[in-house]
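Worksheet: one structure, shown below.
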Amino acid sequence: MPKVTVTRRVRFNAAHRVFNPDLPDAENDRLFGKCNNPNWHGHNYILDVSVEGSIDPKTGYVLDLSELKKLVNREVIDFVDHRNFNLDVEFMKGTIPTSENIVVAFWKILEPKVAPARLTKLVLWETENNYVEYTGR
């Protein structure tokens with residue numbers, strides 16, 4: 001059976017402050033610059049969720065993309081949209097909320113939930129110019 005990858009794009013807005021609480025203010029300023037703003041800053045994030053699988057002969061789908069959207073919203077977006085990653089998002093507690101750490105946290109939540117498909121890649125766009133990719137490795 002051929003394997004096909006399908007991708008669903010979702011959008012959300014969230015704030016964060018990128019800093020390490022174990023470091024002095026001057027070191028945080030040097031490392032993180034304006035992303036270390038103590039009054040937070042926000043992004044209009046885009047998350048691309050790619051899953052791979054065999055085409056179901058009954059439906060013609062690998063996975064119904066509207067169902068994937070519901071799953072991603074229920075498991076991730078509902079917890080982060082219009083929230084502060086540092087203060088409001090339980091699964092990010094104790095983690096520096098960089099895009100790299102956020103996408104890995106999302107993977108841990110979504111990967112076991114997409115069966116019978118297989119999560120192959122997450123792409124998190126922080127800005128139109130900056131994004132991170134994660135493939136579970």
Equivalent ellipsoid dimensions for the stretch 69-137 as semi-axes, Å, which come from the Cα gyration tensor, largest first: 19, 15, 12
Distance between the stretch 64-86 and the stretch 23-53 - C-alpha centres, whole angstrom: 19
Longest to shortest principal axis, alpha-carbon extents of the stretch 35-88, angstrom: 53, 18, 13
Carbon plus sulfur fraction of accessible area for the chain, probe 1.4 Å, in percent: 49
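How long are the semi-axes of the ellipsoid equivalent to the stretch 1-132, from square roots of 5 times the Cα gyration tensor eigenvalues, in whole Å, largest first? Show your work: numbers first, answer last.
Numbers: eigenvalues 220, 33, 30 Å².
Output for the stretch 1-132: semi-axes of 33, 13, 12 Å.
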Full-extension gain in nm, Tyr61 to Thr7, via 0.36 nm per residue minus C-alpha separation: 18.2 nm
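The values are calculated or read from the model by the stated rules, or taken from the named source; none is laboratory data. As the structure is a prediction and not an experimental result, all values here were calculated from the model. Note: areas computed on protein heavy atoms with side chains; ligands, DNA, RNA excluded. Shrake-Rupley method; radii C 1.70, N 1.55, O 1.52, S 1.80 Å.
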